[in-house]
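Working notes, structure below.
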Amino acid sequence: MDTLFCGFLVWLAALCGISAATPSDVEARVADLIEKMTLAEKIGQMTQINGAGGTLPDDMRARVRNGGLGSVLNEVDVEIVNEIQRIAVEESRLGIPLLFGRDVIHGFRTVLPIPLGQAASFNPELVRRGARMAALEASASGVNWTFAPMIDMSRDPRWGRVAETFGEDPFLTSRMAVAMVRGFQGEDLSAPGNIAACAKHFAGYGAVEAGRDYATTNIAEHDLREVHFPPFRAAVDAGVATLMTSFSDLNGVPATGNRFLMTDVLRGEWNFDGFVVSDWASIEQLVIHGVAEDARDAARQAVDAGVNMEMATPLYRDHLAGLIEQGAVDPAQLDAMVADILRVKFRLGLFERPYRNPSDFPATANDEHLELAREAALQSLVLLQNRDRALPLNRTELRRVAVIGPLADDEYEQLGTWIFDGDTSITRTPLSALRRQLGDSAEVEYVRAMKNSRSRSTEGFAAARDAAASADAVLLFLGEESMLSGEAHCRAEIGLPGNQHDLVRTVAGAAKDKPVIAVIQAGRPLTLAPVLDQVDALLFAWHPGTMGGPAIADVLFGAESPSGKLPMTFPKMVGQIPIFFGHKHTGKPPSAENFIHIDDLEERMVQYSTGLVASHLDAGFEPQFPFGYGLSYASFRYGDIAVSRTSMALGESLTVSATVENTGDVAADEIVQLYTRDLVGQMTRPVRELKGFRRVRLKPGQKTRVTFDLHSDDLAFVGRTMERITEPGVFHAWIGGSSDADLRVEFRVTAAKPEEGS
Ligand code: NOJ
């Protein structure tokens, strides 16, 4: 239906004579317009204000009519959008249409799992389709620009905004970034239903100190280029139309005033020709950061750094004309910055198709969208523990099921952070899905037990205990409410909040030998040890979105096997953070042999023979669950790892492959992962780097060989002079079902082309 519908729109566009403008057409039209614009109109293009929430005040009308605005954010009443656009196009002197921006982060009316959950699917095509769906739904409300994808790299689950990221790994994040950009923008930005994407937040935001939102970041240039930049580079190469700055201070220069980021790297090195928008009031915040004397100075620094459009605050409007008059800003630079904005508007086809007619788009939350949301939720579910194969539950053996917890039946909380437009009336909760699937065959007793996930009251515990005691199986729906993650919602402790641990103990004690299953919804990795001790199985569901309920029920009853894998390492304790699989080796790497636990320390100085290693005495060096980890109802045997040749020259490729066999008794998806390590480099190298992944479906007994291509460029890293290089030398490659994979092969990269047959 989606494809058919798009085909129809393309046909319609062709019929109306609308087609994508060529790059030279666009440049000519941009230049022509710039020539005609007054300084005030140029500054207008660089200004974005917040919408008035479904109204159109007179002063906004006047500003649009005078060419004083380039964009409005947060207006999703399509009639108001069209009216604002009509004034811009028909009543302003030059008729330049506006951009309507909105945070369409993980769906629109139909809500998909939070991006961190989507990353757990390791399925970029699914992510692309999700973004396409969101673009269609948002387009019907007049949105033509989304502030997504968020592709900050974070290794700190305390940071509330990890929910919006694709996790800790730059390779996975880059793949997801490209997928989302393609989903929002399509092949041709001007085709109906495509909207401009915005890669954010450039750059380094995910490294905020102690995971406190908006805090300082100090990131060595090497790490910026190796870890934080690659997803942005990938988005730029995929044609992302816009970028947003970060609120954070990067190495002493706040990102919004950072010329190195936006001019030297983004434009100079990556040839980006779209535009950069500030984050909300982040230009004004240059004063609060203490790098700008006043608002005028802040505006000057932001322009100098390369911020084309100001979000929400009026510093450009108030000060740019004066700055130009006083010679503090070069008019040619201003023209170039306005040209970047106009270029995006032309590419979007806004001059040809400024208005949105909702009936041109499929109905929101239609069956196809709901099915996509179910599939996305399903593929994001990660099974973290399954003792004695407690899951799946056998429906036919259940007469009475206890469903307990604050997140079993909450239409809002399961949608997660950033769901301005999410429609809670279409949410399918786990409780409703379980009831539906069980029908009359079993009685479901639901006890919410806690008002919300933070509650400290134990008032509902007695009912929970009774329900658990009389049930054949206990399903606990625990986790974090949506407001515990997201912007400015960071946590210093990342265990289950409130009295949930007590609830788990109470219920597990009452259930005796009946299976106790925990389903956890959360916006970040949590420290789960106290829960893992008490329950038989634990399914991690992130905030799964509109269709989380049916997806969870399908997995609990075995209609589907869980297949998600962790996109972020789960620590045992907060003190281990930052903990991530791609760390450096160090000069004293820990291992099971040389690690001493705090309880085993017997004598002073015992650590001189062992124990002087990069580890914690109490937590050890291993996480609770590694990146890439996730169980299945099937089991997979990996074997026969091989390289197509043991040596390749720079500029050449080889393949790494292994067999994967489903040795279980159900069909299931497995995410096969490829990791490499460069054994010796001019810079220290990570112990493992993710270089490939593939989702494969295998029937019981089925065996397949999964092959990954590896070009020598894929092994490149940022060297001492900040250039990307691949060095000749020995590499290890692993293929397996997590970053702990132990099936290894070795190959060599040589400077010269190797002899035939090597
Ligand atoms: C602030 C957030 O940091 C950013 O991600 C978002 O797009 C803007 N506000 C607009 O809502």
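The table below gives the values:
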| quantity | calculated |
| --- | --- |
| Helix-only CD estimate at 222 nm, as mean residue ellipticity for the chain, using -39500 (n - 2.57) per DSSP H run (n ≥ 4) | -8000 deg cm²/dmol |
| The range 403-448: Cα Rg divided by the 2.2 N^0.38 Å rule of thumb | 1.29 |
| Dimensionless Rg ratio for the range 636-685, taking C-alpha atoms and the 2.2 N^0.38 Å reference | 1.57 |
| The range 3-356 - Rg over Rh from alpha carbon coordinates, Kirkwood radius | 0.95 |
| Kirkwood-based shape ratio for the range 338-456, expressed as Rg/Rh from alpha carbons | 1.15 |
| For the range 118-222, projected area of the alpha-carbon convex hull averaged over all directions, nm² | 7.1 nm² |
| Accessible surface of the range 636-750 [probe 1.4 Å, protein heavy atoms]: carbon and sulfur percent | 45 percent |
| Accessible carbon and sulfur surface of the range 3-356 relative to its total accessible area, %, 1.4 Å | 51 percent |
| Convex hull volume per residue in cubic angstrom - Cα atoms of the chain | 185 Å³ |
| With Cα atoms, 0 to 90° folded angle of helix 315-325 axis to the chain main axis | 40 degrees |
| K691 long-range amide H proximity, modeled H, under 5 Å | L674, Y675, T676 |
| Square roots of five times the Cα gyration tensor eigenvalues for the range 367-556, Å | 23, 20, 15 |
| Between 0 and 90°, nearest 10: helix 124-139 axis offset from the chain longest Cα axis | 50 degrees |
| Centroid-to-centroid separation of the range 517-545 and the range 447-493 [C-alpha atoms, Å] | 11 Å |
| Whole-number percent relative contact order across the chain, with pairs defined as alpha carbons under 8 Å at least 6 apart | 13 percent |
| Separation of alpha-carbon centers, the range 41-114 and the range 122-167, rounded to whole Å | 22 Å |
| Exposed-loop-free span, longest in the chain, where GluC sites (Glu not before Pro) count as exposed if DSSP calls them loop and at most 11 other C-beta atoms lie within 10 Å | 188-458 |
| Nonlocal amide H pairs with M648, under 5 Å, H built at 1.01 Å | R748, V749, T750 |
| 17 Å Cα-Cα reach of K512 towards aspartates and glutamates, excluding residues that sit fewer than 8 places from it in its own chain | D388, D466, D472, D502, D533, D536 |
| Calculated FRET value between R259 and A215, using beta carbons and R₀ = 22 Å, to 0.05 | 0.50 |
| For the range 634-722, radius of gyration divided by Kirkwood radius, i.e. Rg to Rh on alpha-carbons | 1.08 |
| Where the chain is the region considered: accessible area per residue in Å², 1.4 Å probe | 37 Å² |
| Selection of trypsin sites (Lys or Arg not before Pro), the range 449-542, meeting DSSP coil and at most 11 other Cβ within 10 Å | R456, K512 |
| Share antiparallel - DSSP beta bridges, the range 367-556, percent rounded to 5 | 15 percent |
| Sparsely packed chymotrypsin sites (Phe, Trp or Tyr not before Pro) within the range 366-437, loop by DSSP, other Cβ within 10 Å at most 15 | Y412, F420 |
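The values are calculated or read from the model by the stated rules, or taken from the named source; none is laboratory data. Just so you know, these numbers come straight off a predicted model, no measurement behind them. Note that each Cβ is placed from the backbone with ideal geometry, even for glycine, and that neighbours are counted across all protein chains shown. Just so you know, the surface numbers come from the protein's heavy atoms only, side chains and all, with ligands and any DNA or RNA stripped out. Shrake-Rupley method; radii C 1.70, N 1.55, O 1.52, S 1.80 Å.
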